[in-house]
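Everything below concerns the one structure shown next.
Laboratory data are not the source of any read-out in this text; all were calculated from the coordinates shown. Because the structure is a prediction, the values reported are computed rather than measured. Reconstructed Cβ throughout: ideal geometry from the backbone, glycine too, with neighbour counts over all protein chains shown.
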Amino acid sequence: MAFSNLAVILATMLVNGSQAFAPPKMAVIRPTKLMAGGFEWEDPTEQFDQGVDNPFKNPGLMDGEEGMKVDPARLLGPRLNGSNLYFVGMMGSGKSSVGDVVARRMGTYNFLDTDGIIEKATGMSIPEIFDAEGEEGFREVESQILDSVHSYVRCVVSTGGGLVCKQTNWSKLQTGIVIWLDVEPEIIIKRVEGTDRPLLQTEDPLQKLNDLLEERKDKYSQADLRIEITEDMDEEEVAQAVVRDLHDFIDENPPAWKIAKQKAQSDGLDWVQ
């Protein structure tokens, strides 16, 4: 399938489209107060003029027993230097819901869902594409979408569960930070049972989930971060675990803005300074 309208679709799905191209300023964080994770976060702009540290390791960001003075997610943007975040994992693991929460809390990143983009680009639902093209055809469409999505920067991207199966997709994912939401099949089946997921239209959906996880686990384990999710965790708690682990990861692996810039330019994008 070819998608002549893909660029338009992506632009309309981005919040303030140019934001996905423009490099982040170190202390430009929108003044606001918002509730997230049970705390009222203050705008950190005035506190950080020359860069941002890991808020979980900075006593200056703590306020006694009340928690943090600022939402640590708001400080991820300056530390990520434009690198995308890619969520991978099984269907029903919460990639879309958690990714959306993380992006909203960050404030300077946009959220994209590859399955949602596929449906808009094709005018078909995922089950309809499976019926018309088969799984192999769907995976080809998925790869085409990823080719376009990875040209953007400053995005949180939720990917399809099987996108990791093609090794060529990993070269795209690894231009950013890859986060695996690891959920046991017994938990997933409770979330997706009764839905129209094409790969679960079998007599034993739970066994199918176990088989799929076994096939993909080696791929998922290549992710930069692994978030183990228990049944009692809601999306806000998972998002907070993602934020904490991202800050720790960045401490050891600071993203290079130059790499993100070169990636965008190599894909023929104009660089907005």
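Each of 141, 88, 242 has some number of other Cβ atoms within 10 Å of its Cβ, and from fewest to most they run 141, 242, 88. Counting neighbouring Cβ atoms within 10 Å and putting the fewest first, the residues 197, 191, 154 line up as 191, 197, 154.
Separation of the range 157-236 from the range 131-153 is 17 Å, based on Cα centroids. When the range 171-232 is described by a simple charge dipole with +1 on each Lys and Arg Cβ and -1 on each Asp and Glu Cβ, the residue from 189, 174, 205 located farthest towards its positive end is 174. Whole-Hz Karplus values for the range 176-183 come out as x, 10, 9, 10, 9, 8, 9, 10 Hz, taken residue by residue from phi with 6.51 cos²θ - 1.76 cosθ + 1.60 and θ = phi - 60°; glycine and proline positions read x. Lysine pairs in the range 84-191 whose alpha-carbon atoms fall under 22 angstrom of each other, counting only those eight or more residues apart or on distinct chains, come to 5. If you take the square roots of the eigenvalues of the alpha-carbon gyration tensor of the range 133-190 and sort them as a ≥ b ≥ c, do you get rounded (a/c under 1.5), prolate (a/b over b/c) or oblate? Note, shape of the range 133-190 comes out oblate.
The H on the amide N of residue 178, modeled in the peptide plane, is under 5 Å from the matching H of 86, 224, 225, each at least 5 residues off or on a different chain. Residues 86, 109, 220, 152, ranked from the fewest to the most other C-beta atoms within 10 Å, line up as 220, 152, 109, 86. Residues whose amide H comes within less than 5 Å of that of residue 113, counting only those at least five positions distant or on another chain, are 158 (H built at 1.01 Å from N in the peptide plane).
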